[in-house]
Every structure is written in C-alpha cells, then in structure tokens.
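First up is the structure itself, then whatever we jot down about it.
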Amino acid sequence: MKRQYERPVIQKLNTGIMNKFGTRTEYEPYTHIDGVSVKSLIEQFGSPVFVMSERTIRENYRDAVRAFTTRYPKVQFAWSYKTNYLNAVCDVFHQEGSWAEVVSRFEYEKALHNGVPGNKIIFNGPDKTDDDLTVAIENNSPIHIDHLDELYRLTQLASDMAKRPNVAIRINMDTGVYPMWDRFGFNYENGAAWDAINKIMTSDHLNLVGLHTHIGTYMLSPSAYAAAATKMCDLALGIRRKYDKVIEYIDMGGGFASKNTLKGAYLRGSDTVPGIDEFAEAISSAFLNAEFKKGELPYLYLETGRALVDNAGFLLGSVISNKRLADGRRATIMDFGVNILFTSFWYDHKISPAQGFGTYTEDTVIYGPLCMNIDVVRENISLPPLKAGDHVVVHYVGAYNITQSMQFIALRPPVVMIDMQGKPHIIKKKEVLATLEKDEVTPDYLKEFKL
C-alpha cells in the first residue's frame, strides 16, 4: 500500500546545554491538568497545592483489573490506605470495587468510616494491640499475622471471645532481589512459615484462610513476583496435602513501581518500569501452572498502591527567588520543600514550567523554602531561567507524599481533586495555625510571662 504523503517540516530543536545526563527533554510547558489550567488552580486554591486527577485514578485501576482478570479468573484488589488515605481518594477506589488494606488502627477506622464492610478490610502490620485485634475479630476482618507473639495473643483473645477469626500469615522469602525483605512475617526457606502454619492448624481457635506476602517496594522485576507466587502456591498446596485444607486466597501484596525515576538511575522511570501487564503475566502464570485442582484455585488478592495513584498526583508551586551558589551554579528557591514532598529524597521528580519559555536552559539546583540544608527538591535539573512568581508542576506525587507530609516550618497545603467532568474540588483544606494548635495543651502556669 502506498504511504500517504506528508510534507517535510523544519523544526527548531530546543535542547539546552549538554551535560552528563544528556540534553533537556522538556519541550513544552505543562499548563493544564485534566483540562484545568494550572494558573487558575493556583489563583483559586493558592500555592503550593496538591492536585489529584480522579480520571487518572479510575483509568489506572481499570487497567490493572483488566490486566489481571483477563489472565486469572479470581482477582480482588484492596486499596493500600497508607499510600494515600484521603477519604476522597479511598472512595474513588472503593467505587471501582476495591476493598481496603490497612496497617494501623486509625487506618482501620477510616475504612470503616468510609463504609467498607469489616470482612473486606484486610488488617496487616506488625503493631496490632489486643484492642485492635478485638475490634478486627468483632468485625470479621481477615487478620494477617506478622509474628509469633501476635499469633499467641490472637489465639488467647479468640479463646476468650469464643470466636474463630479468619487469619492469614505473612511470608517472606528469597526471590532473587536483594536486600531481601525479611523483616516482616515468617520466612519460607528456614521453616518459620510452616512452623506458624502448623501452630494455627492444630489450634481450634483460628481459621487459616489465606497466605500473604509483600516482597518489596518499587519492584522492577516481574520475575521476582513469579518466584514469590510459585513459593506461595507451594505452601498452599502443602497445606491441602497435609491438612486437607483449601486455602481461600493468596495475597501477593503490592510493591509495583510507578513511572517516577529513582535517584541514580541512568534511564528515566518511564523507559524502564515494567507495565502492569508484565506483573500480571508473571503472577497469574505462576498460579495457573501450580497444581491446583480447577475448583480449588485460590483468590488472588492484590494491595497495589503506588502504581495506581502516583501518576494521578501533581504538586503545583511557585518560584520565590533565584541566586548563584558559591561555585557558580544557578539555584532556584520554590515555595514547597521536602516537608510536603518527602519522595524527593528518593525520586528525581520531573518538574515542568507552567508557562512559556525560550530556548536557553541551564543546570539548576531546586531548593525548598525550609531553613534546613537538606531541603533539596532536585540536586540537578536542566530548566529554563524561572523568575520570581513563575509556576511549576511537579510530577508524580500521588503516592506517599500526602500521608508522609510534615507540619515543619510551613503548614501543609490544600489538596484538590479534579473530577471526571473537569471540576476541581477541595478534598483537604489548607492548614492554619489553629490546625496545628488544636491538640496542644498549655498548663496555666506557663501562660503568663513578661519580656
């Protein structure tokens, strides 16, 4: 077939100054998010401001569900609350069909408050008090046991309450990725996992319904998940043979990487991070290739957080000033810092100007406004000169930044979500002094003084 003629075009290349990382790759300003202008968002909500895209969250979730359900017949996602526990964000995932996965009592209560049934809240984590466990038993939540002390306490509580809670145990293992995540749960290779299984199966107080693993975070190797899934299936089949007990689900945790770029990486995350289909293929194939009978396939639970929400979040900010450092480098100070952008310690976040710019670029250090030398947002980035009052967009900040932000020197900014129709909504108000002081208690004898 004859190809359609396209006229030649001469286009000026806007490359900037060459450096050891290559040339600048940002050719266009980033002026809109889901059709809403960055300038209007800053005018309406102030600077800095976090912006979440509801559309991107839903698209990410549906793509992940498609990737797994087209490969495996029994799949259930549970939203990882610690990744971003703003109620509006959680509720988007719940509307899409996701359960809740929590690692603390306050996250558990948030999930209940959001209307998630107790039996659809997976309770993980190493720090569950007796009161936490009691509430989880009463709400019929699956409890994932992390260590023997928790197992013994839970056994005693179940006996005292005359109830038989549904439990799983967390497994750690060698998947070929190092350092190995062996802090949490029971080890597969040294027999600790079977020791815990035997203790539960010979007890009349606990009902072992699942197995759980979480092999790491920002994982770049689908083959590691294949190795983990194979070992988890081996445990489930061993329980079937030894105790004639069918395990209802295997929870493969989360840890899938987002498209952010790790510090020190030679290539960008967008070029190196595996797609969700690659993780789905590795895990699903391991499940299907195990020797489960057709009617005894376990449910596959997934607690994916970062990969589903990171690229749905942006941080909009403004330039405070510019200066030259002692060695001649250009430095730009922004109105946001590591207090609200904690992931800048391990990501080289993409930062885009939100207004037009010329052809000249320069290697720049991006600092935040904090009176701390560690407040470095980017140690080196090629940007056009930005003047005071200019705006920037930081990509992608939807995972962990809001949950790990600090009231340090500067109060935390508002969070906005743009809905499916392109309308922005406040989902967390900007903090004020009263927010910080509302839980403080000052003894009367300290309230009077003279200066």
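Tabulated data for the structure shown
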{"quantity": "Residues located in region 424-451, provided they are more than 18 Å from LEU86 (Cα to Cα) and either in contact with a helix residue (DSSP H, G or I) (Cβ under 6 Å, 6 or more places away or on another chain) or surrounded by 11 or more Cβ atoms within 10 Å (Cβ to Cβ) (or both)", "calculated": "LEU436"}
{"quantity": "Residue among ARG55, ARG62, ARG71 that alone is surrounded by fewer than 15 Cβ atoms within 10 Å (Cβ to Cβ) and among the basic types (Lys, Arg)", "calculated": "ARG62"}
{"quantity": "Strands (runs of 3 or more DSSP E) wholly inside region 254-352 that include at least 3 residues being outside the structural domain of ALA229 (by TED's automatic domain parsing) and surrounded by fewer than 18 Cβ atoms within 10 Å (Cβ to Cβ)", "calculated": "313-324"}
{"quantity": "Entirely in region 58-160, the helices (runs of 4 or more DSSP H) that have 1 or more residues that are in contact with a helix residue (DSSP H, G or I) (Cβ under 8 Å, 6 or more places away or on another chain) and closer than 29 Å to GLU281 by Cα", "calculated": "87-95"}
{"quantity": "LYS450 free of Cβ contacts under 8 Å to residues at least 24 places away in the same chain and more than 17 Å from VAL38 (Cα to Cα)", "calculated": "yes"}
{"quantity": "Selection within region 399-423 - of a type outside the set (S, T, N, Q), outside any loop (DSSP other than H, G, I, E, B) and surrounded by fewer than 20 Cβ atoms within 10 Å (Cβ to Cβ)", "calculated": "PHE408, ALA410"}
{"quantity": "Which numbered condition PRO424 misses (of (1) at positive phi; (2) more than 22 Å from the chain's Cα centre (by Cα))", "calculated": "(1)"}
{"quantity": "Candidates ILE250, ILE215, ILE239 - the one that is touching a helix residue (DSSP H, G or I) at 6+ places or on another chain (Cβ under 8 Å), within 21 Å of GLY191 (Cα to Cα) and part of a loop (DSSP other than H, G, I, E, B)", "calculated": "ILE215"}
{"quantity": "Members of region 353-398 found to be part of a loop (DSSP other than H, G, I, E, B) and small (Gly, Ala, Ser), listed by number", "calculated": "ALA354, GLY356, GLY358, GLY368, ALA388, GLY389, GLY398"}
{"quantity": "Matching residues in region 31-57 - criterion: being under 17 Å from ILE351 (Cα atoms) and assigned to a strand (DSSP E or B)", "calculated": "HIS32, ILE33, SER37, VAL49, PHE50, VAL51, MET52"}
{"quantity": "Qualifying residues in region 314-352 (those that are at pLDDT below 95 and of a type in the set (A, V, I, L, M)) - the one farthest from the chain's Cα centre (by Cα)", "calculated": "ALA326"}
{"quantity": "Residue match in region 187-208 (condition: among the hydroxyl-bearing types (Ser, Thr, Tyr), in contact (Cβ under 8 Å) with a residue 40 or more places away in the chain, in a loop (DSSP other than H, G, I, E, B) and touching a helix residue (DSSP H, G or I) at 6+ places or on another chain (Cβ under 7 Å))", "calculated": "yes"}
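Quick grid of which residues meet (1) on the phi > 0 side of the Ramachandran plot; (2) touching a Pro at 6+ places or on another chain (Cβ under 6 Å); (3) of a type in the set (Asp, Glu); (4) touching a residue at least 40 places away in the same chain (Cβ under 8 Å):
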{"site": "TYR178", "(1), (2), (3), (4)": "no, no, no, no"}
{"site": "GLY210", "(1), (2), (3), (4)": "no, no, no, yes"}
{"site": "ALA226", "(1), (2), (3), (4)": "no, no, no, yes"}
{"site": "GLY253", "(1), (2), (3), (4)": "yes, no, no, yes"}
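The values are calculated or read from the model by the stated rules, or taken from the named source; none is laboratory data. Fair warning: this is a prediction, and the values are worked out from it, not measured in the lab. We place every Cβ from the backbone using ideal geometry, glycine too, and count neighbours over all the protein chains shown.
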